[in-house]
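Just below is one structure, and these are the notes that go with it.
The values are calculated or read from the model by the stated rules, or taken from the named source; none is laboratory data. Only a predicted model underlies this, so the values are computations on that prediction, with no experimental measurement involved. Reconstructed Cβ throughout: ideal geometry from the backbone, glycine too, with neighbour counts over all protein chains shown.
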Amino acid sequence: MLTPHCEQHKRHVSPGDIYEGGWKDGKRHGLATATLKNGDVYLGPYANGHREGQGQLRYASGAVYNGMFNAGSIDGQGTHTFANGDTYTGEWVKGKQNGHGVLTHTNGDTYDGAYEQGKKHGLAMYTYANGSTCEGMYVNGSRHGQFIYKENGVTSKHVYEQGDKRSSTKASAADIQSIKASWSADDSSGPPQPENSNPGLRR
């Protein structure tokens, strides 16, 4: 909602974008539409010159984000629909997936679990379109360690190393208990830190 001292529907053209909306004390403030030089379009509120609150960002690529903004960045709960049709719904911190989120692929597969700095990182459940599941720890975007795989009533233990599957054996009840205990230990000690910086959000 616009504050009483905002000028509504003021159009401002700058080298970077075209802004139409509210102003207060010389800053963007209130509901607005901003079309950026690269073709992206933001629709939503501003506060003290920054995107703030519930808004929508439409990328020139065709991707769309609907959700919370804080101090100009995507921050809080939101849903990002990628140009290829995949969707991520969950937590964001300063423009990157961070916390719990659900990534749904167009083929019906889903990832439901932890993210850190824009990468899958922590405990998660991957559910395939055929109903089979693979649960375990992700490190820097890849499966790493022991996973519990279930398909057609059969439970197996899969072992991954930086995304590569090293082995697959039938899992007993004792195996499952041991694997889950190892996840708790890994989670409490904290996952390894990324070797490389995050490449950024895929749009």
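Quick look at the values:
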quantity: Segment 70-90: number of residues that are within 20 Å of Lys37 (Cα to Cα) and in contact with a Gly (Cβ under 6 Å, 6 or more places away or on another chain); calculated: 3
quantity: Residue under evaluation Asn84, criteria (1) surrounded by 16 or more Cβ atoms within 10 Å (Cβ to Cβ); (2) without any contact (Cβ under 8 Å) to a residue 60 or more places away in the chain; (3) of a type outside the set (Ser, Thr, Tyr), criterion not met; calculated: (1)
quantity: Selection count, segment 15-27, where residues are of a type in the set (Gly, Ala, Ser), in a strand (DSSP E or B) and within 22 Å of Ala60 (Cα to Cα); calculated: 1
quantity: Complete set of residues in segment 96-135 that are assigned to a loop (DSSP other than H, G, I, E, B) and among the β-branched types (Val, Ile, Thr); calculated: Thr106
quantity: Pairs where the first residue, in segment 90-106, is touching a residue at least 24 places away in the same chain (Cβ under 8 Å) and the second is in a loop (DSSP other than H, G, I, E, B) and among the hydrophobic types (A, V, I, L, M, F, W, C), C-beta under 7 Å, 6+ apart; calculated: Gly95/Leu201; Lys96/Leu201
quantity: Residue count, segment 166-197 (criterion: at pLDDT 90 or above, surrounded by 10 or more Cβ atoms within 10 Å (Cβ to Cβ) and not in a helix (DSSP H, G or I)); calculated: 5
quantity: Residue selected from segment 12-41 under the condition free of Cβ contacts under 8 Å to residues at least 24 places away in the same chain and touching a Phe, Trp or Tyr at 6+ places or on another chain (Cβ under 6 Å), by the criterion farthest from Gly53 (Cα to Cα); calculated: His12
quantity: Tally, over segment 28-75, of residues that are in a strand (DSSP E or B) and in contact with a Pro (Cβ under 7 Å, 6 or more places away or on another chain); calculated: 4
quantity: Breaking point among (1) touching a Ser or Thr at 6+ places or on another chain (Cβ under 8 Å); (2) of a type outside the set (D, E, K, R); (3) at negative phi; (4) surrounded by 14 or more Cβ atoms within 10 Å (Cβ to Cβ), for Gly95; calculated: (3)
quantity: Candidates Gly131, Gly163, Gly145, Gly153, filtered to the one that is of a type in the set (Gly, Ala, Ser) and surrounded by 14 or more Cβ atoms within 10 Å (Cβ to Cβ); calculated: Gly145
quantity: Positions within segment 136-150 being outside any strand (DSSP E or B) and either closer than 20 Å to Ser172 by Cα or within 15 Å of the chain's Cα centre (by Cα) (or both), in sequence order; calculated: Asn140, Gly141
